[in-house]
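Visitor: Here's a structure for you.
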Amino acid sequence: MVLAQSEQAGAETAADPLSAARRQIIDGARFSSASDEVVQLLLQPARVYEVAIPVRRDDGSLEVFTGYRAQHCDVLGPAKGGIRFHPAVNVDEVKALAMWMTIKCALTDLPYGGGKGGVVCDPGSLSPGELERLSRGYVRALAPHIGPDRDIPAPDVGTSAQVMAWMVDEYAQITGSFEPAAFTGKPLELGGIPGRAEATGLGIFFAGREALHDLGRSVPGTTVAVQGFGKVGSYAARYFAQGGARVVAVSDVFGAVYNPDGLDIEQLRLHVDRTGTVKGFAGGREIERDQLLLLPVDVLVPAALEGQIHAGNAGAIQARLVVEGANGPTTVEADEILAARGITVVPDILANAGGVIVSYFEWAMNRSRLSWTAEEVQRRLEAKMKTVYAEVADRARRINQPLRPAAYGVAIDRLAGAMRARGWVK
Ligand code: NAD
């Protein structure tokens with residue numbers, strides 16, 4: 001009954017991230033051993049905090065920002081997930097992103113639940129001082145609810161290692177003890193781990209490489225388009241290029257560049273460092289931003305925001321393989337269209353899990369007071385991504401379904417086992 005009602009709710013507005021996340025949980029649970037009770041528990045977050053964050057602007061005025069933190073399910077451990085600074089942040093988006101974190105952590109067998117936070121703001125319009133006061137204000141508002149055994153934030157869209165550094169410092173001022181394990185994605189000087197900045201992009205490369213092998217292809221010579229050139233997309237592009245692929249197109253919020261012979265990604269990074277955008281890069285020609293999604297490439301990596309591949313453009317996508325760098329870049333309708341057209345999608349909860357996997361290494365390193373080398377981090381990340389990909393691909397073959405429901409099935413089985421063991425469900 002609960003499922004039937006939820007299915008209806010999911011079907012009505014499947015384009016928004018929360019409905020999409022619910023729909024994916026319901027669909028995936030069909031390929032797991034989970035009972036209706038487990039699904040009921042997964043369809044809404046355990047807790048959501050909404051806070052007001054007063055910030056003194058540089059001109060002396062006071063602005064009150066709205067912040068959120070959702071803790072979705074902590075059956076496997078403390079909540080874990082990024083903090084997003086973006087004008088479009090809203091409570092339903094934060095809830096959806098926290099749900100996806102629960103599933104991602106369970107899929108990758110990490111001792112975490114799902115969390116996510118956000119502040120409704122345009123970080124580009126804040127001075128460094130205003131950004132610091134906002135970051136510190138977020139921690140002041142939420143300090144009682146986060147911590148290394150409760151909820152461990154990390155960077156996401158619009159936040160950075162510097163933002164994490166201010167947050168660690170504010171948390172230390174409030175609690176009276178320096179707790180590097182309370183945040184991940186920190187600068188190296190504050191207990192950050194070598195390779196965290198690269199981790200999500202590198203994990204996307206490993207997942208893409210495994211999926212290409214399953215399609216009888218290999219990375220050298222394949223063509224790739226990457227939407228978004230931030231913390232995730234820029235490293236995904238770098239590793240595909242280093243692996244011998246031709247990255248022919250890259251976009252950001254301002255526009256896109258295209259070069260059928262392959263873009264020089266290191267030169268493009270220097271150009272973006274100088275100008276703040278991929279636009280105007282001399283090593284390629286400008287194309288319309290959203291045209292990137294429809295280019296005749298082998299691999300498409302959406303690494304910007306949710307809902308970019310939708311019912312309106314999924315029918316025109318020419319890539320053979322979509323590797324989801326962003327969280328929720330494909331709507332439920334688009335997913336069905338891509339599956340019907342024989343396009344393989346490596347789902348976000350698998351493809352972009354490199355970030356949380358290396359965040360876990362960072363947290364474990366902080367708690368043990370040991371330090372790991374960049375080589376060790378990369379080796380462990382590669383091993384983990386290969387293991388998780390193989391488990392999902394194997395389940396997909398056995399149930400004769402795409403990778404997404406297979407991945408949800410694996411993750412929900414793990415969550416259901418823990419819920420049963422803790423006596424939460426029958
Ligand atoms: P970011 O802020 O560093 O970069 C986002 C990029 O997307 C920027 O280049 C921006 O210009 C671009 N962009 C925004 N709207 C666009 C549009 N309409 N078309 C093309 N480009 C657009 O953020 P990020 O950390 O790289 O995160 C990107 C995605 O990856 C998000 O969905 C995030 O939740 C997800 N993710 C991030 C991490 C991480 O470790 N940072 C881990 C897992 C998943």
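Visitor: For segment 111-125, name all the residues that are open to solvent by less than 10 Å² (accessible area, probe 1.4 Å) and of a type outside the set (Gly, Ala, Ser).
Guide: Tyr112, Lys116, Val119, Cys121, listed by residue number.
Visitor: Ok, one more. Just a yes or no: is a residue in segment 51-62 free of Cβ contacts under 8 Å to residues at least 60 places away in the same chain, out of contact with any Asp or Glu (no Cβ under 9 Å at 6 or more places or on another chain) and within 16 Å of the ligand (Cβ to nearest atom)? First the steps, then the outcome.
Guide: First pass over segment 51-62, keeping only residues free of Cβ contacts under 8 Å to residues at least 60 places away in the same chain: 59-62.
Narrowing the set further to residues that are out of contact with any Asp or Glu (no Cβ under 9 Å at 6 or more places or on another chain) leaves 59-62.
Filter once more, so that each one left must be within 16 Å of the ligand (Cβ to nearest atom): none.
No.
Visitor: Now, a different point. Right, Ala165: within 13 Å of the chain's Cα centre (by Cα), hydrophobic (A, V, I, L, M, F, W, C) and over 23 Å from Leu415 (Cα atoms) or not? Give the derivation first.
Guide: Values: within 13 Å of the chain's Cα centre (by Cα): no; hydrophobic (A, V, I, L, M, F, W, C): yes; over 23 Å from Leu415 (Cα atoms): yes.
Criteria not met by Ala165.
Visitor: Quick test of your reading of the structure: Ala353 fulfils all but one of (1) in contact with a strand residue (DSSP E or B) (Cβ under 9 Å, 6 or more places away or on another chain); (2) modelled with pLDDT of 95 or more. Name the failing condition by number.
Guide: (1)
Visitor: Let me ask you something else. Across segment 168-212, what is the total count of residues that are in contact with a Phe, Trp or Tyr (Cβ under 7 Å, 6 or more places away or on another chain) and away from the ligand (no atom under 16 Å from the Cβ)?
Guide: Total satisfying the criteria: 6.
Visitor: Out of the residues in segment 330-345 meeting the condition of being within 16 Å of Leu18 (Cα to Cα) and open to solvent by 30 Å² or more (accessible area, probe 1.4 Å), tell me which one is nearest to the ligand (Cβ to nearest atom).
Guide: Looking at residues that are within 16 Å of Leu18 (Cα to Cα) and open to solvent by 30 Å² or more (accessible area, probe 1.4 Å), I get Asp335.
Visitor: I'd like the residue in segment 271-284 that is surrounded by 12 or more Cβ atoms within 10 Å (Cβ to Cβ) and over 11 Å from Val250 (Cα atoms) and, out of all such residues, is farthest from the ligand (Cβ to nearest atom). So that I can check it myself, show each step before the final result.
Guide: Residues of segment 271-284 surrounded by 12 or more Cβ atoms within 10 Å (Cβ to Cβ): 271-272, 275, 277-281, 283-284.
From what is left, the residues that are over 11 Å from Val250 (Cα atoms) are 271-272, 275, 280, 283.
Working: His271: 13, Val272: 8, Thr275: 12, Gly280: 14, Gly283: 17 Å.
Here the answer is Gly283.
Visitor: Would you check if Thr66 is β-branched (Val, Ile, Thr), modelled with pLDDT of 95 or more and surrounded by 24 or more Cβ atoms within 10 Å (Cβ to Cβ)?
Guide: no
Visitor: If you don't mind, another one. Take Glu288 and tell me if it is at pLDDT 95 or above and more than 13 Å from the ligand (Cβ to nearest atom).
Guide: When the stated conditions are applied, Glu288 does not pass them.
Visitor: Can I ask one more? I'm trying to understand the selection: among the residues of segment 213-242, which are more than 11 Å from the ligand (Cβ to nearest atom), of a type outside the set (A, V, I, L, M) and under 20 Å from Asp261 (Cβ atoms)?
Guide: Answer for segment 213-242, where residues must be more than 11 Å from the ligand (Cβ to nearest atom), of a type outside the set (A, V, I, L, M) and under 20 Å from Asp261 (Cβ atoms): Arg217, Ser218, Pro220, Gly221, Thr222, Thr223, Arg238, Tyr239, Phe240, Gln242.
Visitor: Being farther than 28 Å from Val356 by Cα, open to solvent by less than 70 Å² (accessible area, probe 1.4 Å) and within 15 Å of the ligand (Cβ to nearest atom) narrows it down to one of Val322, Val297, Val257, so name that one.
Guide: Within the list Val322, Val297, Val257, the selection yields Val257.
Visitor: I need the full set of residues from segment 244-254 which are under 15 Å from Ala304 (Cβ atoms) and either surrounded by fewer than 24 Cβ atoms within 10 Å (Cβ to Cβ) or out of contact with any Asp or Glu (no Cβ under 9 Å at 6 or more places or on another chain) (or both), in order please.
Guide: Across segment 244-254, the qualifying residues are Ala249, Val250, Asp252, Val253, Phe254.
Visitor: Sticking with this structure for a sec: For segment 141-154: of the residues being out of contact with any Phe, Trp or Tyr (no Cβ under 9 Å at 6 or more places or on another chain) and not in a loop (DSSP other than H, G, I, E, B), which is farthest from Phe361 (Cα to Cα)?
Guide: That would be Pro144.
The values are calculated or read from the model by the stated rules, or taken from the named source; none is laboratory data. Only a predicted model underlies this, so the values are computations on that prediction, with no experimental measurement involved. Note that each Cβ is placed from the backbone with ideal geometry, even for glycine, and that neighbours are counted across all protein chains shown. Surface areas here come from the heavy atoms of the whole protein model, side chains and all, with no ligands, DNA or RNA. Shrake-Rupley method; radii C 1.70, N 1.55, O 1.52, S 1.80 Å.
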